[in-house]
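*Asks:* My questions will all concern the structure given below.
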Amino acid sequence: MATVDQLSSQEAIALEDKHGAHNYHPLPVVLSKGEGVYVWDVEGKKYYDFLSAYSAVNQGHCHPRIVNAMTEQAKTLTLTSRAFYNDTLGPYEKYATEYFDFDKLLPMNTGAEAVETAIKLARKWAYEKKGVEEHEAQIIVCENNFHGRTTTIISFSNDEGARKNFGPYTPGFIKIPYDDVDALENALKSHKNIAGFLVEPIQGEAGVYTPADDYMRKAQALCNKHEVLFIADEIQTGIARTGGLLAVCGNCSCESHCEKQEDTYAQPDILILGKALSGGAYPVSAVLANDHIMEVIKPGQHGSTFGGNPIAGAVATAALEVVRDEHLIQNARKLGTIFREKMQEFVDSSSIATLVRGRGLLNAVVINDTEDSSTAWDICMALRDNGLLAKPTHGNIIRFAPPLVMNEKQLIECTDIIIKTLKQFEK
């Protein structure tokens, strides 16, 4: 049969449609190559990537340092399981814990696995350290959250597309409005068995919903007051994407974690990372916490055959080095400001776009139509035709998140493409 590189776009799409589960609705473009901020389809057309695999490719497609780390490690040792030690995991754990200023790292593979790990860790800490009666622990979450699609995670989602007909659901979660400090405080006061507050510093899947600048800091203070773990899901927002090392860093643009943060900074008790932790080259995720939390996990109580494998350690270390060495935090902050300023100028006089929001290079434009309309999808199709790839979320919102290696000239060219395309839909 024909090999993949000989397929046309239509043939590749038809194969997926026939032989693959229909659990995604991709934009109809078939990609075969990526480099930096660009991707190419099977017919050779070049596009700007403005999704970055949902912020997994912060360091750009096929970054040579990350690819080299992966291929060199793959030549020597790929997997031992955790039945034995390997010579890359310890150095990676040391580097990452110092990078983010935590005592311990628990390695996993995917973002959903990392969230599940954080939930288990918080519950076990509540029983063994806080004195909550077993099976009674509650975790506070936010409405319109997106933390993954495992059975437990969809149990506290209010996205009916992700939930319907997948029950029965896992109990133990209290849902409150996002960006509502009073609601958090009331929940903490009303329930004595709270183990943790699980929150995205910016709700990416919800349409890059960006909370008040002091929301994270106030949430952390409330958690501290009530002896509750503050759990930050930075799978999509972390590792330079929002113009700080982490989104909870607020307005700090330092190149690594430090103690000299502005008053918007919030220190998580548990930090969840994934996606850009590998630069999109390999499935790598991690949960970080200090000793008094992480020590509740004992041998045999949690793990993964692939978690902490040698390739993952080599890839993640290289990915974090690239963020620091190439000053991607500062670049995201600078280019994000330019993007929002240029888009705001358009929005001010536009009938098709009503709002631009975001932080760093995680941004969204709200389209002037209902959530059940096809307008945002149609705009993304037109963007594709004009050489830029983006994807709608929640019907009438388009998320824009290019690789952080983008330069100012490229960003301005992309902004011009976006504005030109949106003008085609002016009413």
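*Asks:* For segment 64-325, go through all pairs of different Cα atoms, get the mean of 1/r, take its inverse, and jot down that Kirkwood value in Å.
*Replies:* Numbers: mean 1/r = 0.0534 Å⁻¹.
Computed over Cα pairs of segment 64-325, the Kirkwood hydrodynamic radius comes out at 18.7 Å.
*Asks:* Nearest 500 deg cm²/dmol is fine: what mean residue ellipticity at 222 nm does the chain get from its DSSP H runs of n ≥ 4 alone, each adding -39,500 (n - 2.57), divided by its residue count?
*Replies:* Numbers: 14 runs with 150 residues, N = 427.
Value at 222 nm, helices only: -10500 deg cm²/dmol.
*Asks:* Using the structure shown, select from LYS18/LYS45; LYS129/LYS192; LYS189/LYS218 the pairs with a Cα to Cα distance greater than 18 angstrom. Please report the intermediate quantities before stating the final value.
*Replies:* Values: LYS18/LYS45 25 Å; LYS129/LYS192 14 Å; LYS189/LYS218 15 Å.
Too far apart for the 18 Å limit: LYS18/LYS45.
*Asks:* For a quick protection proxy, order the peptides 328-337, 75-84 by their average other-Cβ count within 10 Å, most packed first. Please report the intermediate quantities before stating the final value.
*Replies:* Working: 328-337: 21.6, 75-84: 11.6.
The most tightly packed comes first, giving 328-337, 75-84.
*Asks:* In nm, what is the difference between 0.36 nm times the number of residues separating LYS45 and GLU227 and their Cα-Cα distance?
*Replies:* Details: separation 182, 0.36 × 182 = 65.52 nm, distance 5.45 nm.
That works out to 60.1 nm of additional length.
*Asks:* How long are the semi-axes of the equivalent ellipsoid of segment 1-86, taking √(5λ) for every eigenvalue λ of the Cα gyration tensor, in whole Å from largest down? Write out the running numbers ahead of the final one.
*Replies:* Details: eigenvalues 165, 72, 41 Å².
Output for segment 1-86: semi-axes of 29, 19, 14 Å.
*Asks:* Antiparallel versus total DSSP beta bridges in segment 64-325: what percent is that, nearest 5? List each step's numbers first, then the result.
*Replies:* Details: 10 of 24 bridges.
Expressed as a percentage, antiparallel bridges in segment 64-325 total about 40.
*Asks:* What order do you get for 267-273, 287-293 when each peptide is scored by the mean count of other beta carbon atoms within 10 Å, highest first?
*Replies:* Working: 267-273: 25.0, 287-293: 20.0.
Result, highest mean first: 267-273, 287-293.
*Asks:* Skipping prolines and chain starts, which residues have an amide H placed within reach, meaning under 5 Å, of the one on CYS142, given they are 5 or more residues away or on another chain?
*Replies:* Excluding prolines and chain starts, which carry no amide H, the hits are ILE176.
*Asks:* What's the local net charge at GLY161, with K and R +1, D and E -1, over the other residues with C-beta under 13 Å away?
*Replies:* Numbers: positive: ARG149, ARG163, LYS164; negative: ASP159, GLU160, GLU205, GLU371, ASP372.
Local charge sum for GLY161: -2.
*Asks:* Using label points projected 7 Å from each Cα along Cα→Cβ, tell me how many nm separate VAL181 and ALA74, to one decimal.
*Replies:* 4.9 nm
*Asks:* Under a 5 Å amide H to amide H cut-off, with H placed in plane at 1.01 Å, what residues pair with PHE400 once short-range neighbours are removed?
*Replies:* Result for PHE400 returns ASN363, ALA364, VAL365.
*Asks:* Next question. Hey, what do the phi angles of segment 85-96 turn into as Karplus ³J(HN,Hα) couplings, whole Hz, using 6.51/-1.76/1.60 and θ = phi - 60°, x for Gly and Pro?
*Replies:* Whole-Hz 3J(HN,Hα) from phi for segment 85-96: 6, 10, 8, 10, 5, x, x, 5, 4, 4, 5, 5.
*Asks:* For LYS334, list the lysines whose Cα falls under 25 Å from its own Cα; do not include residues on the same chain fewer than 8 positions away.
*Replies:* In chain and number order, the partners are LYS260, LYS275, LYS342, LYS391, LYS409, LYS420.
*Asks:* Continuing with this model, one more query. Can you tell me which aspartates and glutamates have their Cα less than 16 Å from the Cα of LYS124? Leave out same-chain residues fewer than eight positions away.
*Replies:* GLU116, GLU133, GLU134, GLU136, GLU227, ASP269, ASP291, GLU295
*Asks:* At R0 = 51 Å, how high is the FRET efficiency between LYS423 and ASP103 if r is their beta carbon distance? Nearest 0.05 is fine. Provide the component values of the computation, followed by the final result.
*Replies:* Values: r = 52 Å, r/R0 = 1.03.
Efficiency, from the Cβ-Cβ distance: 0.45.
*Asks:* Compute the acute angle (0 to 90°) between the alpha-carbon long axis of helix 181-190 and the principal axis of greatest extent of the alpha-carbon atoms of the chain; round to the nearest 10°.
*Replies:* For helix 181-190, the angle is close to 30 degrees.
*Asks:* Using 1/(1 + (r/R0)^6) with R0 = 25 angstrom and r between the beta carbons of ASN407 and SER9, what's the FRET efficiency to the nearest 0.05? Walk me through the numbers before you get to the answer.
*Replies:* Details: r = 29 Å, r/R0 = 1.16.
In this case the efficiency is close to 0.30.
*Asks:* Grab the Cα-Cα distance for ASP348 and TYR38, subtract it from 0.36 nm times how many residues apart they are, and report the gain in nm with one decimal. Intermediate results must be reported in sequence, preceding the final value.
*Replies:* On the way: separation 310, 0.36 × 310 = 111.60 nm, distance 2.98 nm.
Result for the pair: 108.6 nm of gain on full extension.
*Asks:* Another question, then. Report the FRET efficiency, 1/(1 + (r/R0)^6), for ARG65 and GLN330, where r is their Cβ-Cβ distance and R0 is 25 Å, rounded to 0.05. Walk me through the intermediate numbers first.
*Replies:* Numbers: r = 19 Å, r/R0 = 0.75.
Computed FRET efficiency for ARG65 and GLN330 comes out at 0.85.
*Asks:* Ordered by residue, what ³J(HN,Hα) values in Hz, to whole numbers, does segment 12-26 give under the Karplus form 6.51 cos²θ - 1.76 cosθ + 1.60, where θ = phi - 60° and Gly and Pro are x?
*Replies:* Per residue, the Karplus-derived 3J(HN,Hα) values read 5, 5, 5, 5, 4, 5, 7, 10, x, 5, 8, 9, 9, 10, x Hz.
Every number in this text was worked out from the coordinates using simple rules, so none of it is lab data. Not measured: the values here are computed from a predicted model. A quick note on method: Cβ atoms are made from the backbone with ideal geometry, for glycine too, and the neighbour counts reach across all protein chains shown.
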